[in-house]
Amino acid sequence: MIKVENNVFFLNTKNTSYIFDVLETGQLQHLYYGRSIHIGDVSHLRQKHAFLPGNTISYDKGHSSFSLEDVDLEFSAIGKGDIREPMVEVLCHDHSSSLDFVFDSYEILEGKEAFENLPSSYDDAKKVQTLNVTLKDKNKGFTLVLSYYVYEDCDVISRSVKFINSTEESVKIKRILSLLLDFDEKDMKITSFHGGWTREMKRDDLVLSAGKYVNSSFTGTSSNRTNPLIFLSDKDSNETAGSVFGFNLIYSGNHYSAVEVSAFNKTRFVTGINPMNFGWLLEPGQDFRAPEAVMTYSAKGFRQASHNFHHFVREHITRGPWKKKERLVLINSWEASYFNFDEGKLLKLARAAKNLGIELFVMDDGWFGQRDDDTKALGDWDIVNKKKLPKGLEGLSKKLNDMGMAFGLWVEPEMVNVDSNLYKNHPDWAIDIPDQDHSEGRNQRLLDLCNPDVVDYLIDTMRKVFSTPGLSYIKWDMNRNFSDYYSKYLPKERQEEVGHRYVLGLYRLLDTLTGEFPEILMEGCASGGNRFDLGALSYFPQIWASDNSDAVCRLSIQDGYSYGYPQCCYTAHVSSCPNHQTLRVTPLESRFAVSAFGVLGYELNLIDAKPEELAAIKDQVSLYKKYRKVLQFGDFYRLRSDNVYQWEILDRQKTCGLTFIMQKEAMPGEEYLKIKCAGLQADKVYHFFGRSLEYNLKGFGDLVNTVAPVHIKQDSLVHNMVAKFVKMPGETEDYTLYGDNLMEAGLKLHQAFVGTGYNDQVRYFPDYSSRLYFIEMK
């Protein structure tokens, strides 16, 4: 709900209030953001001023009692005394940069207009409200529109900025951020997410008492180095307690967030497009729209903030037929064959997968041109490699469909190899600087999506690929970063526009193809999680979370994503062991359990799998399908993340859920483990139970000789024969309990093996072990 009284603006969601007003000097003063409060007199929220602090700048002669440097604001630019992080920076025709935007007018609208060239949030239910506040620059005459979009249902307010050149002279925008929020306190905890290739989304906490903290990317993407998701909170906040403010950006390019503590112990937060190497020449009458930023508040710690974001992403970011449609279990050919395959090998793998209940076969890289490695043919999408696929894509698709498998395909449209027909015919379409050495990445170059001819070509080329009969799925990859920002299409005075124009070209490409092929499920990928953001999720309902499929690594990776993104948005594959990224060996059961808490897939050579592994996978797929709707679209709970991780997913009705534990390292002598559940109805009775599993005798090593009537040598023929027929029974957890018992008292599991004995009352729980438990209302 949006309400305005005497130029005081009240933005209310179900559980939060956001309030600002207009200063006597015309600036917008931020008053409050937090737990919902009653609307009334706001004089107590206004900072009081009597005399100007020393060594500060007053706004003008008529207002000498305060400085804008010591005021909580909604917007700030360079000049007029506020020396903190600005929201907008320009270079005017006279080369001045000071701006003086003051309040002009406002309007309240029901609903929300879609942005012209950028993805943005939406509301099918038409319940979102829009507040547009217009500011005018007193000196140059520019116009600025601050937009606020209120999503009451999920306690989210999103924001954007539009700069309008309402003058007769051109202006160069050097910085335009999407959101500015001032807090009248310091020592706030900053929670951000960092990493790199195969190690995305590592949570980092830092309390800022002075100075500035910057969270930004300059890879041309939102990046795996630092995700645009960020939180500010009480320094002692935790999963279920404390004030937590969450922020994200609906944008897939270079982003920038900064947290700054002022000389007056106030904290400023800003986020938007990274101003590094950014510029935009705006002619008279033109406007520039900044990407939409998203914010939420929780008075109950990180869990509620995450649930707010999850609700927002599911309902107001992801879209199309696959928004709420259950995702198929797939087998991807990459780690089974890499580039070395032909149709016969693929079909053999597909038949094996079909026998296990897998529903979708995805052919990865290597199907086009002379693509036998990653040095050539990228870009030659019009040439199907007939040596590998004698009857082309259509022939393979038909054979897969005839056996009851959906067909999926890998593409990387944004890239080109120098050794390709596309590059030979259009070297001017690649992003590089003429007559200079080019920095290479994965033997490929970026196509110049600033050039509309390139985007049109890719639309036409991908349209032909996507039109393959029987095609149900596309994996859209992007495997290199920007380095040398230069477009041969743009004039020299617009070269600072390359990064943003590339993203706009990508959005036009994706918007066209998803509009023409809505029934194809498109999964995003950029060397894993190098472009995992709300902008990409506006076109891809799911994104490959990481090229690292190691179950232990995936614990922290998926845990990190869960802070801002629902589990239906990140995909996870069960791969072979030793793992191809770490060489670690983990139990198949653990690989499945971790992957089941994302969107499940498989990526391994089933042809070489042992019979017992195939039987286990068949059981896994069947189990996943039974609980698929809950696992993909239920509410996600983080319950523990140390040496033992525990997650839970519970359906929205709180009637059915699953919880999962996994141990990274077995600790000697630690046999005790208690777990708790969350989100259940306290006064309802639930059946809590685990799976009945058996374990390989060889996992106990030569301890077998403590019970064997004859000596058995490890890995001998006798050892292998005994292990084939003798399995070690696992413990069984089975309880009927009230919800409050499971949430408050918890449940003490059977003791773990600690070297003093083993039977069916002992939990076999060595390194990397896991358990899945089920929670069903009686």
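Do you know which residues across the range 158-209 are closer than 30 Å to Ser562 by Cβ, in contact with a Pro (Cβ under 8 Å, 6 or more places away or on another chain) and surrounded by fewer than 16 Cβ atoms within 10 Å (Cβ to Cβ)?
Those that are closer than 30 Å to Ser562 by Cβ, in contact with a Pro (Cβ under 8 Å, 6 or more places away or on another chain) and surrounded by fewer than 16 Cβ atoms within 10 Å (Cβ to Cβ): none in the range 158-209.
Does any residue of the range 508-531 turn out to be at pLDDT 95 or above, among the small types (Gly, Ala, Ser), part of a loop (DSSP other than H, G, I, E, B) and open to solvent by 10 Å² or more (accessible area, probe 1.4 Å)?
Yes, the range 508-531 has at least one match.
In this structure, is Val145 touching a residue at least 24 places away in the same chain (Cβ under 8 Å) and either more than 20 Å from Thr267 (Cα to Cα) or open to solvent by less than 20 Å² (accessible area, probe 1.4 Å) (or both)?
No, not satisfied.
Check whether at least one residue in the range 660-674 is of a type in the set (Ser, Thr, Tyr) and more than 30 Å from Gly757 (Cα to Cα), and report yes or no.
no
State all residues of the range 63-87 that are touching a Pro at 6+ places or on another chain (Cβ under 6 Å) and part of a strand (DSSP E or B); if no residue qualifies, say none.
Ala77, the sole residue that qualifies.
Under the condition of being over 15 Å from the mean Cα position of the chain (by Cα) and under 20 Å from Thr16 (Cα atoms), which residue from the range 240-266 is surrounded by the fewest Cβ atoms within 10 Å (Cβ to Cβ)?
Across the range 240-266, the extreme among qualifying residues is Thr240.
Within the range 705-721, does at least one residue satisfy the condition of being touching a residue at least 24 places away in the same chain (Cβ under 8 Å) and open to solvent by less than 40 Å² (accessible area, probe 1.4 Å)? First the steps, then the outcome.
Step one: of the range 705-721, the residues touching a residue at least 24 places away in the same chain (Cβ under 8 Å) are none.
There is no residue in the range 705-721 that is touching a residue at least 24 places away in the same chain (Cβ under 8 Å) and open to solvent by less than 40 Å² (accessible area, probe 1.4 Å).
Inspect the range 661-668 for any residue being open to solvent by 50 Å² or more (accessible area, probe 1.4 Å) and within 20 Å of Thr240 (Cβ to Cβ) and give the result as yes or no.
Of all residues in the range 661-668, those open to solvent by 50 Å² or more (accessible area, probe 1.4 Å) come to 664-665, 667-668.
Restricting the remaining residues to those that are within 20 Å of Thr240 (Cβ to Cβ) gives none.
No, the range 661-668 contains no residue that is open to solvent by 50 Å² or more (accessible area, probe 1.4 Å) and within 20 Å of Thr240 (Cβ to Cβ).
I'd like to know if the range 551-567 contains one or more residues that are under 17 Å from Asn227 (Cα atoms), at pLDDT 95 or above, surrounded by fewer than 22 Cβ atoms within 10 Å (Cβ to Cβ) and of a type in the set (D, E, K, R).
Scanning the range 551-567 turns up at least one residue that is under 17 Å from Asn227 (Cα atoms), at pLDDT 95 or above, surrounded by fewer than 22 Cβ atoms within 10 Å (Cβ to Cβ) and of a type in the set (D, E, K, R).
For the range 652-667, indicate whether the set of residues that are of a type outside the set (Lys, Arg) and more than 32 Å from the chain's Cα centre (by Cα) is non-empty.
Looking for residues that are of a type outside the set (Lys, Arg) and more than 32 Å from the chain's Cα centre (by Cα), one finds at least one in the range 652-667, hence yes.
Quick check on the range 614-663: of everything there that is out of contact with any Leu (no Cβ under 7 Å at 6 or more places or on another chain) and basic (Lys, Arg), which residue is farthest from Glu359 (Cα to Cα)?
Arg640
So which of Thr56, Thr25, Thr13 ends up being in contact with a Cys (Cβ under 8 Å, 6 or more places away or on another chain) and either within 30 Å of Glu493 (Cα to Cα) or touching a residue at least 12 places away in the same chain (Cβ under 8 Å) (or both)?
Step by step, each of Thr56, Thr25, Thr13 is checked, and only Thr13 is in contact with a Cys (Cβ under 8 Å, 6 or more places away or on another chain) and either within 30 Å of Glu493 (Cα to Cα) or touching a residue at least 12 places away in the same chain (Cβ under 8 Å) (or both).
So, Leu697, is that one open to solvent by 80 Å² or more (accessible area, probe 1.4 Å), modelled with pLDDT under 95 and more than 34 Å from the chain's Cα centre (by Cα) or not?
No.
For the range 251-280, which positions are in contact with a helix residue (DSSP H, G or I) (Cβ under 6 Å, 6 or more places away or on another chain) and either over 18 Å from Ser222 (Cβ atoms) or free of Cβ contacts under 8 Å to residues at least 24 places away in the same chain (or both)?
Phe264, Gly279, Trp280
Would you check if there is a residue in the range 681-694 being farther than 22 Å from Leu588 by Cα, modelled with pLDDT of 95 or more, open to solvent by less than 20 Å² (accessible area, probe 1.4 Å) and β-branched (Val, Ile, Thr)?
Within the range 681-694, none of the residues are farther than 22 Å from Leu588 by Cα, modelled with pLDDT of 95 or more, open to solvent by less than 20 Å² (accessible area, probe 1.4 Å) and β-branched (Val, Ile, Thr).
Check whether at least one residue in the range 435-454 is buried (at least 22 other Cβ atoms within 10 Å of the Cβ) and of a type in the set (Ser, Thr, Tyr), and report yes or no.
There is no residue in the range 435-454 that is buried (at least 22 other Cβ atoms within 10 Å of the Cβ) and of a type in the set (Ser, Thr, Tyr).
Is one or more of the residues making up the range 713-726 aromatic (Phe, Trp, Tyr) and over 24 Å from Thr586 (Cβ atoms)?
Scanning the range 713-726, I find at least one residue that is aromatic (Phe, Trp, Tyr) and over 24 Å from Thr586 (Cβ atoms), so the answer is yes.
Which of the residues spanning the range 433-480 are modelled with pLDDT of 95 or more and in a strand (DSSP E or B)?
Across the range 433-480, the qualifying residues are Gln444, Arg445, Leu446, Leu447, Leu471, Ser472, Tyr473, Ile474, Lys475, Trp476.
Working carefully through the options Lys14, Lys61, Lys3, Lys48, find the one that is out of contact with any Lys or Arg (no Cβ under 8 Å at 6 or more places or on another chain), among the basic types (Lys, Arg) and closer than 22 Å to Asp100 by Cβ. Even if it seems obvious, please write down each step before you answer.
Values: Lys14 fails: closer than 22 Å to Asp100 by Cβ; Lys3 fails: closer than 22 Å to Asp100 by Cβ; Lys48 fails: closer than 22 Å to Asp100 by Cβ.
That would be Lys61, the only listed residue that is out of contact with any Lys or Arg (no Cβ under 8 Å at 6 or more places or on another chain), among the basic types (Lys, Arg) and closer than 22 Å to Asp100 by Cβ.
So which residues in the range 731-769 are within 26 Å of Thr706 (Cα to Cα), of a type in the set (Gly, Ala, Ser) and open to solvent by less than 40 Å² (accessible area, probe 1.4 Å), if there are any at all?
Ala752, Gly757, Ser769
Scan Ala609, Ala593, Ala572 and give me the residue that is over 25 Å from Ile317 (Cβ atoms) and out of contact with any strand residue (DSSP E or B) (no Cβ under 6 Å at 6 or more places or on another chain).
Of the residues listed, the single one that is over 25 Å from Ile317 (Cβ atoms) and out of contact with any strand residue (DSSP E or B) (no Cβ under 6 Å at 6 or more places or on another chain) is Ala609.
Could you grab the pairs with beta carbons closer than 7 Å, sequence gap of 6+ or different chains, first residue in the range 59-78 and more than 21 Å from Arg159 (Cα to Cα), second one crowded, with 22+ Cβ neighbours inside 10 Å and among the β-branched types (Val, Ile, Thr)?
Pairs found: none.
Cβ-Cβ distance below 8 Å, separation of 6 or more or different chains: which pairs start in the range 281-309 with a residue that is more than 24 Å from Ala114 (Cα to Cα) and in contact (Cβ under 8 Å) with a residue 60 or more places away in the chain and end on one that is part of a helix (DSSP H, G or I) and of a type in the set (A, V, I, L, M)?
Pairs found: Tyr297/Ala305; Ser298/Ala305.
Taking the range 5-37 on its own, how many of its residues are surrounded by fewer than 16 Cβ atoms within 10 Å (Cβ to Cβ) and more than 35 Å from the chain's Cα centre (by Cα)?
Number satisfying all stated conditions: 5.
Residue under question is Asp155, and the condition is that it be at positive phi and either open to solvent by less than 10 Å² (accessible area, probe 1.4 Å) or modelled with pLDDT of 95 or more (or both); does it hold?
It is true that Asp155 is at positive phi and either open to solvent by less than 10 Å² (accessible area, probe 1.4 Å) or modelled with pLDDT of 95 or more (or both).
The values are calculated or read from the model by the stated rules, or taken from the named source; none is laboratory data. Just so you know, these numbers come straight off a predicted model, no measurement behind them. When we count neighbours, we look across all protein chains shown, and the Cβ atoms used for this are built from the backbone with ideal geometry, even at glycine. Just so you know, the surface numbers come from the protein's heavy atoms only, side chains and all, with ligands and any DNA or RNA stripped out. Shrake-Rupley method; radii C 1.70, N 1.55, O 1.52, S 1.80 Å.
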